[in-house]
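J.: Provided herewith is a single structure, encoded as structure tokens, for subsequent inquiry.
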Amino acid sequence: MDEKLLKEICAPYYKKKDQMHNLSHIDRILSLAKQMCRRYPQASLQTVICGAYLHGIPETGEIQEFLSSMGISEQEIQDIITASRESLIEQTSLSLEGKILHDAHLLEGGKTFLITKSLVTGTQRGQSLEETIAFIEKNILGKGKVSLIENENTYIEKQTYAKNFIYDLKKGFL
């Protein structure tokens, strides 16, 4: 499977996304996911890579045709689609590849990135700082759960950092 070609095929779908959900977002997820795959040699790296690129793209025949043309079996294409769906934060992952992608998505960018991503995205959406803080408190703090036990402490650390950051921000701002 040619990852560079897959990225080129998927690129037009990500051009319409905001700067926190473009191909750089996929690169950050993939970087972590590839590290996690080293701990799980039984995981299909091909499924993880393809699943990461498809994570932000609606299922299209074009992508499935491309994967098929690359010699990927129908079963593996279904595994890729499953892992891609399972990568979403609100999903429960059952497949190992889905768990890897899910956790890489939650842990993307390290502990400071959750706040950075939220503030940048809120600004791009035209939200005031107060609206963005309210969104973070309602939809992000205390939400999500990693699928792989070894990622639990890292995610708790990320959530704790975000909670303390928002607390300090509100104390000085509101």
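J.: For Ser128, indicate whether it is crowded, with 19+ Cβ neighbours inside 10 Å and among the small types (Gly, Ala, Ser).
T.: no
J.: Please work out which residue is modelled with the lowest pLDDT, limiting yourself to region 91-125 and to residues that are open to solvent by 60 Å² or more (accessible area, probe 1.4 Å), more than 13 Å from His55 (Cβ to Cβ) and not in a helix (DSSP H, G or I).
T.: Result: Thr92.
J.: Take the conditions under 12 Å from the mean Cα position of the chain (by Cα) and at negative phi and apply them to Leu114. Does it pass?
T.: yes
J.: Go through region 73-90 and count every residue that is under 19 Å from Arg28 (Cβ atoms), of a type outside the set (S, T, N, Q) and open to solvent by less than 10 Å² (accessible area, probe 1.4 Å).
T.: Going through region 73-90 one residue at a time, the tally reaches 1.
J.: Another question, if that's okay. Would you call Ile166 touching a Ser or Thr at 6+ places or on another chain (Cβ under 6 Å), open to solvent by less than 70 Å² (accessible area, probe 1.4 Å) and in contact (Cβ under 8 Å) with a residue 12 or more places away in the chain?
T.: Here the answer is no, as Ile166 does not meet what is asked.
J.: Further question on the same structure: How many residues are under 20 Å from Arg39 (Cα atoms) and open to solvent by 60 Å² or more (accessible area, probe 1.4 Å) when one looks only at region 131-147?
T.: Qualifying residue count, region 131-147: 1.
J.: Hey, does region 77-85 have a residue that's more than 17 Å from Val48 (Cβ to Cβ) and either assigned to a helix (DSSP H, G or I) or without any contact (Cβ under 8 Å) to a residue 12 or more places away in the chain (or both)?
T.: No, there is no match, as no residue in region 77-85 is more than 17 Å from Val48 (Cβ to Cβ) and either assigned to a helix (DSSP H, G or I) or without any contact (Cβ under 8 Å) to a residue 12 or more places away in the chain (or both).
The values are calculated or read from the model by the stated rules, or taken from the named source; none is laboratory data. Because the structure is a prediction, the values reported are computed rather than measured. Don't worry about glycine lacking a Cβ; one is built from the backbone with ideal geometry, like all the others, and counts go over all protein chains shown. To get the accessible areas, we keep the full protein, side chains included, count just its heavy atoms, and leave off ligands, DNA and RNA. Shrake-Rupley method; radii C 1.70, N 1.55, O 1.52, S 1.80 Å.
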